[in-house]
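This report concerns only the one structure given below.
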Amino acid sequence: MGIFSFFKKDKDKEKVESHEEVHSIQINAENCQGCGRCVSVCPNNAYELIEGKSSLKENFTCRDCKVCLAACSNDAITFVN
C-alpha cells in the first residue's frame with residue numbers, strides 16, 4: 001500500500017460520510033445466474049445472494065474498484081455515474 005492510498009481512502013470516506021453519491025451499481029436480475037462471484041471478489045463485502053440472485057447490501061460501501069464487473073461473466077452488473 002502506497003502513501004497516497006491513505007489520502008484516497010480518506011477522500012472516499014468523506015464522500016460516504018457526507019452522503020455524496022459516488023456512483024450507482026445496478027444489478028440486472030434477469031442476467032444474474034446466482035454464481036456468487038461478485039460476493040466472493042468484492043473487497044468491501046457489498047454483495048449478498050438473496051433467493052439465488054446477487055443483491056447489494058442495504059448500507060454497502062463501494063470503492064469503485066470494479067472487480068465485480070470483471071468477475072461477472074453474465075453482464076449482470078453495471079456502473080452508472
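The values are calculated or read from the model by the stated rules, or taken from the named source; none is laboratory data. Not measured: the values here are computed from a predicted model. Every residue, glycine among them, receives a Cβ derived from its backbone with ideal geometry; neighbour counts consider all protein chains shown.
Of all the residues in region 42-52, those that are out of contact with any Phe, Trp or Tyr (no Cβ under 9 Å at 6 or more places or on another chain) and either aromatic (Phe, Trp, Tyr) or loosely packed, with under 14 Cβ neighbours inside 10 Å (or both) number 4.
Take residue 65 and tell me if it is surrounded by 10 or more Cβ atoms within 10 Å (Cβ to Cβ), modelled with pLDDT under 95, of a type in the set (A, V, I, L, M, F, W, C) and in a loop (DSSP other than H, G, I, E, B). Before the answer, list the steps.
Numbers: surrounded by 10 or more Cβ atoms within 10 Å (Cβ to Cβ): yes; modelled with pLDDT under 95: yes; of a type in the set (A, V, I, L, M, F, W, C): yes; in a loop (DSSP other than H, G, I, E, B): yes.
Spelling it out, residue 65 is indeed surrounded by 10 or more Cβ atoms within 10 Å (Cβ to Cβ), modelled with pLDDT under 95, of a type in the set (A, V, I, L, M, F, W, C) and in a loop (DSSP other than H, G, I, E, B).
Out of 59, 74, 81, one residue alone is of a type outside the set (Gly, Ala, Ser), in contact (Cβ under 8 Å) with a residue 40 or more places away in the chain, loosely packed, with under 12 Cβ neighbours inside 10 Å and out of contact with any Gly (no Cβ under 8 Å at 6 or more places or on another chain). It is 81. Residues in region 5-47 that are modelled with pLDDT of 55 or more and more than 19 Å from residue 70 (Cβ to Cβ) were compared, and the one that is farthest from the chain's Cα centre (by Cα) is 30.
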